[in-house]
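The structure appears below as structure tokens.
The values are calculated or read from the model by the stated rules, or taken from the named source; none is laboratory data. Everything numeric here is computed off the predicted structure, so don't read it as measured data. Neighbour counts run over all protein chains shown; Cβ positions are idealised from the backbone, glycine included.
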């Protein structure tokens, strides 16, 4: 049965064709809703992030302008110059320093997020800044002194990011340089990055699973984060090439997706980003998503009930009908179906039963006619074999008479009488194997008289096969062909052996072997015989008439259970195997066996 064309498959495909567009629409609707939510949420956070970054950028810009004003205004400059000219213990140095500290202290409250303003004199190696506590002063010194020790790396145009004690700071500094060397004076501002972002971390951005990320343009995280360095590098790459306001991002340690929203600073080489888990963004769609994931399971359950219903209403009655048809094709004409599932199938099954009865009656009539025809053909085939051997026997007697071998003629006549006695009983459809073997022995004795000292034979048939039923003249054509075509005309003694043995390939059959040491088959003749070409032409070729008759009678009786196999011996000679089904009988129908 071709399953590609089965109704079951067609019903399943039809169900899928109907439901697939609905499922696709539900999934599309879900993905569309998710994208809408992502877009709206990301837009909201993007706007908030943009506002905060621009506010911090404004603080950085205002602080830069303030430092520049300190370094360029006349009043401030007047108080900065003494720091480059006088030693630290002079009164002028002290008064200038106090004026700057008061100025910084008064102005610091105006600039939110700034830790301190400072002045550093390279000549005196003096650093002073606005301070609240001794600890703050020590902390600022630990950041600024190392910074100025690497003076060659100082950028006087932009904010710089430095790390000290595992914390990141931002420093904006300008240089006030008199003409004399080693009298440089630096004015600047210091920002603790964590303190700068502290208000944002306290807001909604730093809670409920959301995570803030501040990173430099080199991909270095500037505040504490759970992200790995690889994650930060991926985020920087995505932000540099983003074409929308949000990016889908997955942490290397997790499989859950996140929304990444970032915004760069204008006055510092860094960017601020927020990472929001999608489960928070899509929280309102959670139940809808779960329902969407349950839809395929629900469809599978519906499909199962649908197929069960179709099976009971349509497939089961159709299977019963198909099963009945297969029984008819196997020859079981007694099959009758019984099913009352629906009105339509009841009509089909009732019609099937009527047709099966009619076919059964028709087959019985046809079979009887075929038996009559086969009986007539079988009798005709036997009539073809009898004169074939009879003419050969007369030819042998004539040859012996010419040689004036009267004793051999007498012996020949005796064997020939036994032969004709056997022939007169071949009106029977079957005989015992023992009778056929006795007939073969008579034939070989006749041939032995014809070829003295040139023919030897041996017959070995186990007792268990002697009572098997066989057709008359089953073995004789092969023995006759072996002598006619296999015997060497020289001095070599021709030996022929007939034996029986169980069949290895068919346990219910046995094999009769005719083995000789003659010429054997040529390659071309062996190929023809193995291909069954002796059966072509319906026996019109006299050379193969006997073989064709045996083959045809066996096929008429047993079908393809029988086989005639031809092969050459290992060294020389030929081997013929007749594979015949076992058919034992308890009735001894006469005959003799001389082995």
Here the residues within segment 320-339 that are farther than 10 Å from residue 352 by Cβ and surrounded by fewer than 14 Cβ atoms within 10 Å (Cβ to Cβ) are 322, 323, 326, 329, 330, 331, 332, 334, 338
What tally of residues in segment 184-204 results from selecting those that are crowded, with 17+ Cβ neighbours inside 10 Å and modelled with pLDDT under 65?
0
Matching option when the condition is closer than 21 Å to residue 549 by Cβ and touching a residue at least 24 places away in the same chain (Cβ under 8 Å), among 495, 485, 415:
485
Screening 223, 114, 154 for residues that are surrounded by 14 or more Cβ atoms within 10 Å (Cβ to Cβ), in contact with a strand residue (DSSP E or B) (Cβ under 7 Å, 6 or more places away or on another chain) and at pLDDT 85 or above leaves only 114
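State yes or no: is residue 55 under 60 Å from the mean Cα position of the chain (by Cα) and either in a helix (DSSP H, G or I) or under 24 Å from residue 269 (Cα atoms) (or both)?
yes
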If you check 105, 64, which single one turns out to be outside the structural domain of residue 185 (by TED's automatic domain parsing), farther than 18 Å from residue 194 by Cα and part of a helix (DSSP H, G or I)?
64
For segment 529-536, check the following and say yes or no: at least one residue is at pLDDT 85 or above, touching a helix residue (DSSP H, G or I) at 6+ places or on another chain (Cβ under 9 Å) and surrounded by 15 or more Cβ atoms within 10 Å (Cβ to Cβ).
yes
Test result for residue 75, surrounded by 12 or more Cβ atoms within 10 Å (Cβ to Cβ) and either at pLDDT 80 or above or part of a helix (DSSP H, G or I) (or both):
no
Residue under evaluation residue 45, criteria (1) surrounded by 13 or more Cβ atoms within 10 Å (Cβ to Cβ); (2) within 18 Å of residue 300 (Cβ to Cβ); (3) modelled with pLDDT of 75 or more, criterion not met:
(2)
Which listed residue, of 349, 397, 385, 354, is under 60 Å from the mean Cα position of the chain (by Cα), surrounded by 14 or more Cβ atoms within 10 Å (Cβ to Cβ) and either part of a helix (DSSP H, G or I) or modelled with pLDDT of 75 or more (or both)
349
Before we move on, is residue 472 in a helix (DSSP H, G or I), touching a helix residue (DSSP H, G or I) at 6+ places or on another chain (Cβ under 7 Å) and assigned by TED's automatic domain parsing to the domain that holds residue 566?
no
Matching residues in segment 482-501 (at pLDDT below 90 and either assigned to a loop (DSSP other than H, G, I, E, B) or surrounded by 14 or more Cβ atoms within 10 Å (Cβ to Cβ) (or both)) number 10
On the given criteria, is residue 176 under 27 Å from residue 223 (Cβ atoms) and surrounded by 12 or more Cβ atoms within 10 Å (Cβ to Cβ)?
no
Hey, residue 504 over 19 Å from residue 460 (Cα atoms), at pLDDT 80 or above and in the same structural domain as residue 469 (by TED's automatic domain parsing) or not:
no
Looking only at residues in segment 502-523 that are touching a helix residue (DSSP H, G or I) at 6+ places or on another chain (Cβ under 6 Å) and assigned to a loop (DSSP other than H, G, I, E, B), which one is surrounded by the most Cβ atoms within 10 Å (Cβ to Cβ)?
518
From 449, 407, which residue is crowded, with 16+ Cβ neighbours inside 10 Å and in a helix (DSSP H, G or I)?
449
Exactly one of (1) assigned to a strand (DSSP E or B); (2) free of Cβ contacts under 8 Å to residues at least 60 places away in the same chain is unmet by residue 119. Its number?
(2)
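Suppose the filter is over 57 Å from the mean Cα position of the chain (by Cα) and either over 29 Å from residue 407 (Cβ atoms) or assigned to a strand (DSSP E or B) (or both); does residue 464 pass it?
Against the criterion (over 57 Å from the mean Cα position of the chain (by Cα) and either over 29 Å from residue 407 (Cβ atoms) or assigned to a strand (DSSP E or B) (or both)), residue 464 does not qualify.
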